[in-house]
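In what follows, a structure is listed as C-alpha cells, so that the remarks can point back to it.
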Amino acid sequence: MKKPEGRPAPSPRRRDLLKAAGGVLATAAFGAVPLRGYAADPVNIGALYPVTGSMAQIGVGCVAAAKLAVEMVNEAGGIKSLGGAKLNLVLSDVQSDTTVTRTETDRLITSNKLSAIHGCFASALTLIASEVCERAKVPIITGSSSDQLNKGRSFTFTPFARASQFAQAQLQMSKLISEKPKVAVIFENTAFGTATSNGLKEQAPGEGVEIVMFEPYSAGFTDASPLINKVKASGANALFSVSYLNDLILIVRTVKQVGLNIAINGGSGGFVIPDFYKNVGKLAEGLQGVAHWNHDMSDEAQKVNAEYKKRTGEFLFEYAGGLVAQTFMLADALERAASTDPVKVRDALLKLDIASGYAAMAPGGKVKFGEGGKNVYGRPIGVQWQNGDLASVFPKEDARAALIKS
Amino acid sequence: MLETIAQAVINGLLIGGIYALVSIGVTLIFGVVKIVNFAQGEFVMIGMYISFFLATQLGVDPIVSLLVTMPVLFCVGMLVQHFLIRRVLGLNDLPQIFLTFALSLLVLNLALMLLTANYRTVHTWYSDEALHFAGLYVPVAKLAAFVLAMVLSALLWVFLHTTDLGKAMRAASQNRDVAQLMGINPNRVFAVALGIALALAGAAGSLLMPFYPAYPMVGQVFVLMAFVAVVLGTLGNVVGALVASLLMGVAESLGIQFVGADSGLIVVFAMLLLTLAVRPSGLAGGRRR
Amino acid sequence: MRLKRLGGIALASVIALMLLLPLAVTSSFALDILIRVLLFSFIGTAWNLLGGYARQLSLGHAAFFGLGAYTSTLLQIDFGISPWIGMVAGGVVALAASLPIGWLCFRLRGPYFTIATIATAQVLMLIFLKFRDFAWGAEGTTIPNLGHAPLMMQFDGKAYYYYIALGLLALALAVTARIERSRVGYYLVAIGEDEDAAEAIGVNVPKVKRDIYMISAFLTALAGTFYTQYIYFIDPQTAFNFNVSIEAALVSIVGGVGTLWGPVIGTVLLETTSALLQSWLGNSVGGVQLTVYSLILMAVILWRPTGIMGFLTEWRARRAKAPPALAKAQA
C-alpha cells in the first residue's frame, strides 16, 4: 500500500520582473552585438523531475545539475541568435507519481510559454510527460531509456542509449568475466525493470549468453534472501539485477551474506549513483554496471563533474550529467531556430548534428537525431565501481580505466 | 532441492519473527480494546527512525536501542489511548476504523514531510554476516531479530498469564462488562494494551534496522502482513498471531522460491482469501467476528 | 416550506452555474481542478452508496476503478472499440467482479471487511503487474494519440472532459437520490445502523448488500475509464492506486456519510484546501496534502462524525428552534 499524492502549484509571477531584468542584462552584456530591437526575453525551459517520493534521490541530483547547466549556458552568453536571451529553468516536482506527472506537465506547459522540456528519467513518468508534450506540441528531451518513447512520436527526443542497447552491453560485458557466462536476471516488476529485462532475454542468444534464471521480483520487497537463494540454486556465474537503488542495496548485501561468489552487473538506475556506494560501501567495489553517461567520458564531462562536485559534494552521475548535455542540445537548437516557438525548436532539434562541446557529451561524442527521435550514435558505456567512483570500462573505445577482475 | 527448501523455510521463519512482533501488537489491541489499529506499521517506522538516529548520532547499536524505543513507544501508546482511542470507544465502526486510519496517514505523511523519502540504513558489524552450516546460511542480524522477537513474545505470554494486570487484560478481552463488574478499570487496561502493542512495534523497528532501510512507507509493508496474520491466527489470539506470522513468512518465502520472485505477496493474499472463504474465524476458530 | 423552495432555486442556479462555468473559466489549470473535484465527487458518491448508507466501509474501491480503466483500454487498443462503449463494458465487468469479491468480503464484519477490501484491490494490482501478456504488465501503456476524436473519448480541450465529469456526477447523484427515497434506501440505512437488527425485522441483508455493491462498483468503474482517457496512460499502480480508495471514503466521511450531497461537499472542501496549500507551500515538500487531509479527517471523526452535512443539519434544526430532543433526532 503506497500513499503518495499531490497537487500542482500555481505559476510564479516572476515573468514581468524577469523581462525587465533580462532586458537590462542583455543590453549591458551585449552592447556590441546588434540587438533585434527588442529586450531579450528569457527562454523558458521546463524541467520535470521527482524530488520527492520513491525516486527522490536521483531527482534531487538531477535538479542540481539542471540548474548548473542553465547557469553554464547563460554564463557563456545565453542564446546569441535571440539577443543573448537567458535560459530560464521552470522546475516542477513530479513526486514519483504518474498522475502528478500528467498534471504537472500540463500545468507547466499551459502556465508558461515553454520552448522545450527535459525530464523525468523514470520510464513510467516520462511516458506520460511525453504524451502530454506530443499533444501540446512542445518538444521533450529525455534520458529515459524506454524504447516506447521512440514509437509514434514527433516531439520526443532521446539522445542516449535505449533499453535494448543497455541490455546488449550488459550481455557483452558478461563475456568479459567468463567465457561461458551463465546469467541470472532479476528485475523489479515495474516499467523500468520489465523493459530492460525483456531486452536482455531477446538478445542473449544472439550474444552467446545463456540465461539460466529470469525472475521479476516485487519492487520494494522486505527480504532478498529467497530471491538470492534461487540465484544460487540456478548455478549462475553472473547476476544481472535491474533495480532501483533500495532494492539493489538489499540484493548486494544479501549476496554477501549468502556467501555467494558471483559477478554482479547492476545495470543502470540505482546502481550508478553515489548513494549506492554510500549505502553499501566496499561491497560495491568491482561491481559492474551500464550507464548512458559517465563523467570520465571527455574533458567537458570532467569539467562539469568538477563543478557539480563542488556544489553537491558528490560525483556527477549518469542522469544528472546527461541532462547537462541535453540542456546544451536545447541551447544549440534554440540558437539555430532563432525563435522560442516550441515547434521551431523541435524542427531545429531534428536537424541537430554535433560532435563537440558540452552538447556532445555522450558516449561516442556525437549526437544526431534520426528516426523516432533516437540518437543515431547513441550507445551506453559499461562502468565499474573503482575506489568509490565510477570508471568507464567498456567498450574499448570508451574505456578510461582498466576493468578490474575479481 | 531439500537444501533449497530448508533455506527457504529458514528465511521465512526469520522474517516471520518480525511479522509476529507487529501482528501480536495488532491482535492484542483488537482483543482487548476491540479496535483495529491501522497505524501499527507507522509505529514500527517510528521505532526504526529512532534507532536510526540513535545509531548515527550516538553510535548506539540498533538492537541495544530496543531499550529506548520500547519505553518511548509504550508511552506513545498510552497517549494515543488517552487522547484518541478513548474518544471512539463504544461508537460504531466508522469512527473506530477511520480514526486509526487517519492516524496512520498522519504519521506516515508527517514522516514524509519532516524526514523526506530517502532511505536510511544502518550498517553494523554484523549486518552482512551469516552463520554457515550444512550448506545453509543464517544471517546474523535476522537471527538476532528472530530470537529477540521470540523472547519478547514469550515475555508477553508470561505477563498475560501470570500477572494481575495481564489477567485483567485477558478478562477484559473476553468480556468487558463482566470484567468491569469485577472492578477492572477498562481505561487503565486499554492504556497498557496500547502501550505494550506499540512497544512491540517499536521493538520490531529496532530489530529491523540492521538489515532493512527506514523510510516513511516502510510500515505499510509490515502492517499488511500483520493484518493477514491476525485474521489467520484468529482475531485477538496472541499465540495465533505468532504462529500465523511464522507460517506466513514461510509461505511467502516458499512462494518466492517456487512460484515466482514477485509472487510472495500473492501467495500470502491467497492464504488470506482462502481462509476467509473456508474458515473466516481463523485457524484457532471459535471466536466471534 | 420556504426553505424547500429556496433549496430548489439554489439547486437550479447551481446547475446553471456548473453548466456555464467552462465558458467563463478558460484556464487549463483551473479546469483541471474542477474536473478533479467533479471526478472525486462522483467516486465519493458511488462509494457512499455502500459505505455511507449501508456502512460497509470499503477501502478497496480502487479495484473497480482499475477494472473499468483496463476494460475500456483493452477494448480500445486491442479491438478498436470506442471508450464510450468500453466505459459501459468496464462498468459491467466491475459489477460482475463485485459478486465474488462481495461474497468473500461480506463474510467479515467491521474493520476486517475493510481489510479484506484493501486486500482485493492489492491482489488485482499484483495480478495486473504480473501478467504482461494480456494487459501490458507493469509498464502499462499510453492511449494512442488521436488528436480530437469525440467518438473515441479524446478531446483537445479540457472543457469537454469537464462536461463528461459533470454528467457522471449528475448520474451518480440521480441514482443516489432515487435510491435514498426508495425502499432500498430504508433497507440500506437499516443495515447501516444495525445489520443484525435489520435482518431480524425481515430485511434481506445479503441481497441488499450485494445489489448496492454492484451499483457502487459499476459507477466507480466508469470513473476509471474517464480518468484513463483524461491522463492518456494506464498502468497497474495508477489504476489500482490505494489513494483512489482512500479519497473515495475520505470525501464522503468529511462531507457526511449517508447523505446525498456529503461526498460533493467533502470533495470541494478537501480539494480547495489542497489548492490553497499548493499556493502557500508550493510543490516541493511531499506529504503535506495527506497530512492536512488526515488532520481534517481526525477532526471530523473526533468532533463531528456526521460530517459537514451532519453539522449543517443540526445547525438548521437548531435555527428552526425545534425542541432539543427533536433536533438531536434530526441530526
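The values are calculated or read from the model by the stated rules, or taken from the named source; none is laboratory data. Not measured: the values here are computed from a predicted model. Please note: Cβ atoms are built from the backbone with ideal geometry, for glycine as well, and neighbour counts cover all protein chains shown.
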> Restricting segment B:22-68 to residues that are among the hydroxyl-bearing types (Ser, Thr, Tyr) and buried (at least 24 other Cβ atoms within 10 Å of the Cβ), which is farthest from residue C:114 (Cα to Cα)?
Replying inline: B:65
>> Can you tell me which residue is surrounded by the most Cβ atoms within 10 Å (Cβ to Cβ) among those in segment A:321-359 that are among the polar types (S, T, N, Q) and at pLDDT 90 or above?
In response: A:326
>> Of the residues C:90, C:102, only one is closer than 30 Å to residue C:196 by Cβ, more than 10 Å from chain B (Cβ to nearest Cβ) and touching a residue at least 60 places away in the same chain (Cβ under 8 Å); which?
In response: C:102
> What about residue B:92, is it touching a Leu at 6+ places or on another chain (Cβ under 6 Å) and within 27 Å of residue C:57 (Cα to Cα)?
Replying inline: no
> Does segment B:213-253 hold any residues that are over 21 Å from residue B:29 (Cβ atoms), at the interface with chain A (Cβ under 8 Å from one of its Cβ atoms) and surrounded by fewer than 24 Cβ atoms within 10 Å (Cβ to Cβ), and which are they?
Replying inline: B:213, B:215, B:217
>> What pairs come out if I take residues in segment B:136-164 that are assigned to a helix (DSSP H, G or I) and pair them with residues that are among the small types (Gly, Ala, Ser) and modelled with pLDDT under 90 whose C-beta lies under 7 Å away, six or more apart or interchain?
In response: B:140/B:130; B:141/B:127; B:159/B:166; B:160/B:166
> Which of the residues that make up segment A:258-283 are touching a residue at least 24 places away in the same chain (Cβ under 8 Å) and more than 23 Å from residue A:163 (Cα to Cα)?
Replying inline: A:258, A:260, A:262, A:277, A:279, A:280, A:283
> Quick one: in segment C:117-171, which of the residues that are of a type in the set (Ser, Thr, Tyr) and more than 7 Å from every other protein chain (Cβ to nearest Cβ) is nearest to residue C:34 (Cα to Cα)?
Replying inline: C:162
> With respect to residue C:251, is the statement that it is within 15 Å of the chain's Cα centre (by Cα), assigned to a helix (DSSP H, G or I) and farther than 17 Å from residue B:94 by Cβ true?
Replying inline: no
> Are any residues in segment A:69-83 in a helix (DSSP H, G or I), in contact with a Leu (Cβ under 9 Å, 6 or more places away or on another chain) and touching a residue at least 60 places away in the same chain (Cβ under 8 Å), and if so, which ones?
Replying inline: A:69, A:70, A:73, A:81, A:82
> Taking the condition touching an Asp or Glu at 6+ places or on another chain (Cβ under 8 Å) and not in a loop (DSSP other than H, G, I, E, B), does residue C:189 pass?
Replying inline: no
> Filter segment A:373-406 for residues that are in contact with a helix residue (DSSP H, G or I) (Cβ under 9 Å, 6 or more places away or on another chain) and of a type in the set (Val, Ile, Thr); which is nearest to residue A:134 (Cα to Cα)?
Replying inline: A:381
> Restricting segment A:89-106 to residues that are under 19 Å from residue C:240 (Cα atoms) and at the interface with chain C (Cβ under 8 Å from one of its Cβ atoms), which is surrounded by the most Cβ atoms within 10 Å (Cβ to Cβ)?
Replying inline: A:95
> Out of all the residues in segment C:254-267, which are within 14 Å of chain B (Cβ to nearest Cβ) and part of a loop (DSSP other than H, G, I, E, B)?
Replying inline: C:256, C:257, C:258, C:259
> Does residue B:270 satisfy the criteria of being more than 11 Å from chain A (Cβ to nearest Cβ), in a helix (DSSP H, G or I) and crowded, with 19+ Cβ neighbours inside 10 Å?
Replying inline: no
> For segment A:129-143, which residues satisfy the criterion of being buried (at least 22 other Cβ atoms within 10 Å of the Cβ) and out of contact with any strand residue (DSSP E or B) (no Cβ under 7 Å at 6 or more places or on another chain)?
Replying inline: A:132, A:143
> Among the strands (runs of 3 or more DSSP E) contained in segment A:187-267, which hold 1 or more residues that are at the interface with chain B (Cβ under 9 Å from one of its Cβ atoms), out of contact with any Leu (no Cβ under 6 Å at 6 or more places or on another chain) and buried (at least 23 other Cβ atoms within 10 Å of the Cβ)?
Replying inline: A:210-217
> Restricting attention to segment B:60-101, which residues are within 11 Å of chain C (Cβ to nearest Cβ), out of contact with any Pro (no Cβ under 9 Å at 6 or more places or on another chain) and either of a type in the set (Lys, Arg) or more than 16 Å from residue B:26 (Cα to Cα) (or both)?
Replying inline: B:83, B:84, B:86
> Residue check: is residue A:145 modelled with pLDDT of 90 or more, out of contact with any Asp or Glu (no Cβ under 8 Å at 6 or more places or on another chain) and within 14 Å of chain C (Cβ to nearest Cβ)?
Replying inline: no
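Residue-wise test of (1) among the small types (Gly, Ala, Ser); (2) touching a residue at least 12 places away in the same chain (Cβ under 8 Å); (3) at positive phi.
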| site | (1), (2), (3) |
| --- | --- |
| B:193 | yes, yes, no |
| B:196 | no, yes, no |
| B:214 | yes, yes, no |
| B:240 | yes, yes, no |
| B:251 | yes, yes, no |
| B:267 | no, yes, no |
| B:279 | no, no, no |
>> With the requirement that a residue be at pLDDT 85 or above, surrounded by fewer than 22 Cβ atoms within 10 Å (Cβ to Cβ) and not aliphatic (A, V, I, L, M), what does segment C:292-309 give you?
In response: C:303
>> Any residue at all in segment C:268-282 that's modelled with pLDDT of 90 or more, within 14 Å of chain B (Cβ to nearest Cβ) and buried (at least 24 other Cβ atoms within 10 Å of the Cβ)?
In response: no
> For segment C:1-46, which residues satisfy the criterion of being outside any helix (DSSP H, G or I) and surrounded by 11 or more Cβ atoms within 10 Å (Cβ to Cβ)?
Replying inline: C:25, C:26, C:27
> Based on what the data block shows, is residue A:328 outside the structural domain of residue A:268 (by TED's automatic domain parsing) and in a helix (DSSP H, G or I)?
Replying inline: yes
> Looking only at segment A:253-284, which residues are among the β-branched types (Val, Ile, Thr) and under 20 Å from residue A:144 (Cα atoms)?
Replying inline: A:272, A:273
> Can you pull out the residues in segment B:122-143 that are touching a Phe, Trp or Tyr at 6+ places or on another chain (Cβ under 8 Å) and at pLDDT 85 or above?
Replying inline: B:122, B:131, B:139, B:140, B:141, B:142
> Any chance segment C:68-85 includes a residue that's crowded, with 24+ Cβ neighbours inside 10 Å, in contact (Cβ under 8 Å) with a residue 12 or more places away in the chain, within 13 Å of chain B (Cβ to nearest Cβ) and part of a helix (DSSP H, G or I)?
Replying inline: no
